[in-house]
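Contents: one structure, followed by commentary.
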Amino acid sequence: MWIRALPKHFLRLGLTILLGGLLGATLVRFAPGFGADERELDSRLSTQSIQVLRESHASQRNILGYYRGYLGGLLRGDLGISTSLERPVAELFAQRLPVTLRSVGMGVAGGWLLGFFLALPAGMFRWRNYEFLTASLSGLFLCLPAAVLGLAIVYAGGPAWVAIALVVFPRVFQYARNIFVQSSELPHVLAAHARGLRGVHIFIWHVLPNAAPLLLALGGISVSMAFGAAIPIEAISDHPGIGQLTWQAALSRDLPVLVNITLLITVITLAANSVSDLAGRALARQRP
């Protein structure tokens, strides 16, 4: 049963979170310019003040020691203090995460609506001209980076979630279209055609049930994809979400913020993939 897979998913989630956080902290630690503080360039500061600024980064130089202390604070519900904004990271997340989650949710919904309903005629009727036009459209958006789409939406005066939807849409369309085509060529579907059943009836009762578990798996991937796209899109559009915070933290080498964002992205990605995988297994077992 799919319930037996839960311990494995939780174990994988925990190990990936630990390793992902350590890797993120290590990359930031060895990035060029780490430990440099632009406030040291202020000519009004005394030598003693500059020394205090440098000592404030001393605890972050030993990455293993810093990460061990960070995990201890995390168990107590303490995400640390942002070194650049001088505010608790938990407070920053409480303000910005709902904004990003709203954009991601609307972006995933919009991308799925557009991609799925464009894929339906391609899987049901197999019109050549229609397939050429939709494949060209999805291929065009597939080639455009998320940052470029975000910039285009900014110039057009649209919301950030539209750019996220345009990132999700081509993946959903191409994957769903391929699944529908492959499911339409299964033996029991061909037998239904031979018995004279209508195309729409065959698609609803024979093609969609076979494609549903695979589409659920795509749902988890699309959530992580949308969240990853939200970071450059929000940074470019100056949207007050996690993406803007990530950009600010990267510029200032704000280790506490970057480590927490790394863990956040890891948790959301693995949780979405695990839920879709378990739901797909449960749905597949219910099929006759």
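The values are calculated or read from the model by the stated rules, or taken from the named source; none is laboratory data. Given the structure is predicted, the values throughout are model-derived calculations rather than measurements. Every residue, glycine as well, gets a Cβ built from its backbone with ideal geometry; the counts of neighbours run over all protein chains shown.
Among the conditions (1) part of a helix (DSSP H, G or I); (2) crowded, with 20+ Cβ neighbours inside 10 Å; (3) touching a residue at least 60 places away in the same chain (Cβ under 8 Å), the only one that Gln248 does not satisfy is (2). With the condition kept exactly as written, say whether any residue in region 147-162 is part of a loop (DSSP other than H, G, I, E, B) and in contact (Cβ under 8 Å) with a residue 60 or more places away in the chain. Taking every residue of region 147-162 in turn, none turns out to be part of a loop (DSSP other than H, G, I, E, B) and in contact (Cβ under 8 Å) with a residue 60 or more places away in the chain. Report yes if some residue within region 168-185 is loosely packed, with under 14 Cβ neighbours inside 10 Å and out of contact with any strand residue (DSSP E or B) (no Cβ under 8 Å at 6 or more places or on another chain); otherwise report no. The answer is yes; a qualifying residue exists.
If only residues of region 204-245 that are surrounded by 20 or more Cβ atoms within 10 Å (Cβ to Cβ) and not in a helix (DSSP H, G or I) are counted, the one that is modelled with the highest pLDDT is Gly241. I'd like to know if region 80-99 contains one or more residues that are hydroxyl-bearing (Ser, Thr, Tyr) and either assigned to a helix (DSSP H, G or I) or at pLDDT 90 or above (or both). No, region 80-99 contains no residue that is hydroxyl-bearing (Ser, Thr, Tyr) and either assigned to a helix (DSSP H, G or I) or at pLDDT 90 or above (or both).
Residues of region 113-122 include at least one that is farther than 26 Å from Gly243 by Cβ, modelled with pLDDT under 80 and out of contact with any Cys (no Cβ under 8 Å at 6 or more places or on another chain).
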